[in-house]
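A.B. asks: Sharing a structure here in structure tokens format.
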Amino acid sequence: MKGTLLILIALYACFPCIAEDDLDSEFYDALDKVEAEYRAGKAALIRKADRAIVYLVDFGETTDENVFADASKSISIAPYDKRTKILKTREVEPKVRQELLDVLSAAIAEPEHTGGALCHYPIHGIRIYRGGELLHEGTFCWVCGNFGFSYPQGSTWLDTNAELKNVFMTLLPIPDAERERFRKKYAGAELKGERDGTTKAVERRVAE
């Protein structure tokens, strides 16, 4: 009887903790749902965009975010609150723009994201517009398998995939000199397996 009473007392003492854990869990579940719905809505807008610009960017040198920065010379890495230098720019032609928009919007609209590896070496960037309004700006790291995405409050990393990578590599190939510069600077970096329905084992350190 005494043992049963002690168990009941212990359980009663834990009820507030259990309630707090449940409350926290409900909060994060609701937040995940809201963020997924926002991404789906933003993806729908991106599919209807009328302008897309892709960039080759500097993976190694960043500066602090600055609202007065020259947008023609640098691009935002929102999750780090940093900017990186633009090395090359390509305005995407209408005949190939829709493929890019469809692939990117599908990646953004994925209901769940891991955020890739705990790193980000930006090599490509993008800005997407509709009617002159900037819909999306971010950088892509094929080494860590992630790209930046901004919410009305805060930003995060979303997962890349093989199809998205191939589109960027076709539109703006990475020069051999940049590949070699990366190998020398980040010799220990490992390419994260990209999510395209299954997890891939990737053996090379730098995307080919």
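The values are calculated or read from the model by the stated rules, or taken from the named source; none is laboratory data. All of these numbers come straight from a predicted model, not from anything done at the bench. Note that each Cβ is placed from the backbone with ideal geometry, even for glycine, and that neighbours are counted across all protein chains shown. In case anyone asks, the SASA skips ligands and DNA or RNA and just uses the protein heavy atoms, side chains included. Shrake-Rupley method; radii C 1.70, N 1.55, O 1.52, S 1.80 Å.
A.B. asks: Looking at region 130-142, is at least one residue of a type in the set (Ser, Thr, Tyr), closer than 13 Å to Leu56 by Cβ, within 13 Å of the chain's Cα centre (by Cα) and not in a loop (DSSP other than H, G, I, E, B)?
C.D. replies: yes
A.B. asks: Ala69: in contact (Cβ under 8 Å) with a residue 40 or more places away in the chain and of a type in the set (Gly, Ala, Ser), yes or no?
C.D. replies: Details: in contact (Cβ under 8 Å) with a residue 40 or more places away in the chain: no; of a type in the set (Gly, Ala, Ser): yes.
Taking the combined requirement at face value, the residue does not satisfy it.
A.B. asks: Kindly indicate whether Gly41 is assigned to a helix (DSSP H, G or I), open to solvent by 10 Å² or more (accessible area, probe 1.4 Å) and more than 21 Å from Leu171 (Cβ to Cβ).
C.D. replies: On the way: assigned to a helix (DSSP H, G or I): yes; open to solvent by 10 Å² or more (accessible area, probe 1.4 Å): yes; more than 21 Å from Leu171 (Cβ to Cβ): yes.
Yes; evaluated as a whole, the condition is true for this residue.
A.B. asks: Still on this model: Looking only at region 83-109, how many residues end up being free of Cβ contacts under 8 Å to residues at least 40 places away in the same chain and open to solvent by less than 60 Å² (accessible area, probe 1.4 Å)?
C.D. replies: Result for region 83-109: 2.
A.B. asks: Looking at (1) farther than 13 Å from Thr139 by Cα; (2) assigned to a strand (DSSP E or B), which is the only condition Ala71 fails?
C.D. replies: Only one criterion in (1) farther than 13 Å from Thr139 by Cα; (2) assigned to a strand (DSSP E or B) is unmet by Ala71, namely (2).
A.B. asks: Something else now. Hey, any hits in region 110-124 for a residue that's crowded, with 17+ Cβ neighbours inside 10 Å and assigned to a strand (DSSP E or B)?
C.D. replies: Step one: filter region 110-124 for residues crowded, with 17+ Cβ neighbours inside 10 Å, giving 113, 116-117, 120-124.
Going one step further and asking which of them are assigned to a strand (DSSP E or B), we end up with 124.
Yes, region 110-124 contains at least one residue that is crowded, with 17+ Cβ neighbours inside 10 Å and assigned to a strand (DSSP E or B).
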